Amino acid sequence: MDDIVKQAMAKWPNVPDCFGWLGLDGRGDWYLRDDAAQAAGAFTSGAQGAKGSRLQHEKLIDFIQRNYAVDADGCWYFQNGPQRVYVELQHTPWVWRVSSSGEVASHSGLPTQVSASYLDEAGHLYLATPLGMGLVHTADMENAAAMVEAGHWAPEDVSQATLESRFGFLRSPSARLKTT
């Protein structure tokens, strides 16, 4: 976490959390979800405009990714100064990039090691790592398939419906907020 963020948290400790305004899609892209996007539906609904606007400003994306973390309940957030901005996840908290040599890094560029692999009923490949659970980026499925074919990874079956409870993350912190 950036030092400036830690300083802001110490200076203003009681800033309310923010829900529904930031999303991470299955390709590792960040989306800003303004009032209109939120009114159009849930981030994962597929409704016209619900996903929001894809962030393209590199320095903002880098700032978000450096300050991306998880709370004790498995809700992922971006610490924006003194305010936690909870993230709506299309699939998982991480999107993995797999190189042709089999090296794995997160959508934010963090290298990691694979401890297990999983395949769901829709053919999505997930990797468990010390950083957490993530979806393999669609552009890297050929590299991932080579890792499976070479026997480095042996995907177990998993149901999309059980991913959150099994791997300890929550796709929609704002949905949890509405049910409590």
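Once the chain from residue 2 to residue 36 is taken as fully extended at 0.36 nm per residue, the excess over their C-alpha distance is 9.2 nm. Once Rg and the Kirkwood radius are both taken over the C-alpha atoms of the range 55-134, their ratio Rg/Rh works out to 0.98. Sorting 135-148, 8-21 by their mean Cβ neighbour count within 10 Å, with the most densely packed peptide first, gives 135-148, 8-21. Between residue 116 and residue 61, the contour length at 0.36 nm per residue exceeds the Cα-Cα span by 17.0 nm. Where does the Debye-calculated log10 I(q)/I(0) of the range 1-51 sit at q = 0.17, 0.19 Å⁻¹, using only Cα point scatterers of equal weight, no solvent? Relative scattering, expressed as log10 I(q)/I(0), comes to -0.65, -0.72. Treating only the Cα positions of the range 79-180 as identical point scatterers, give the base-10 log of I(q)/I(0) from the Debye formula at each q in 0.20 Å⁻¹. Here log10 of I(q) over I(0) equals -1.02. Bridge orientation summary for the range 94-160: considering DSSP beta bridges with both residues in this region, about 70 percent are antiparallel. Only DSSP H runs of four or more residues enter the estimate; each adds -39500 (n - 2.57), and after division by the residues of the chain the mean residue ellipticity at 222 nm equals -6500 deg cm²/dmol.
Can you give the translational diffusion coefficient of the range 21-80 in µm²/s, computed by Stokes-Einstein from the Kirkwood radius over Cα pairs at 10 °C and 1.306 mPa s? Here the translational diffusion coefficient equals 131 µm²/s. Here's the list of aspartates and glutamates a cross-link from residue 51 could span, going by alpha-carbon distance under 13 Å and ignoring same-chain residues fewer than 8 apart: 25, 29, 34, 35, 88.
Laboratory data are not the source of any read-out in this text; all were calculated from the coordinates shown. Keep in mind it's a predicted model, so treat the numbers as computed, not measured. Note that each Cβ is placed from the backbone with ideal geometry, even for glycine, and that neighbours are counted across all protein chains shown.
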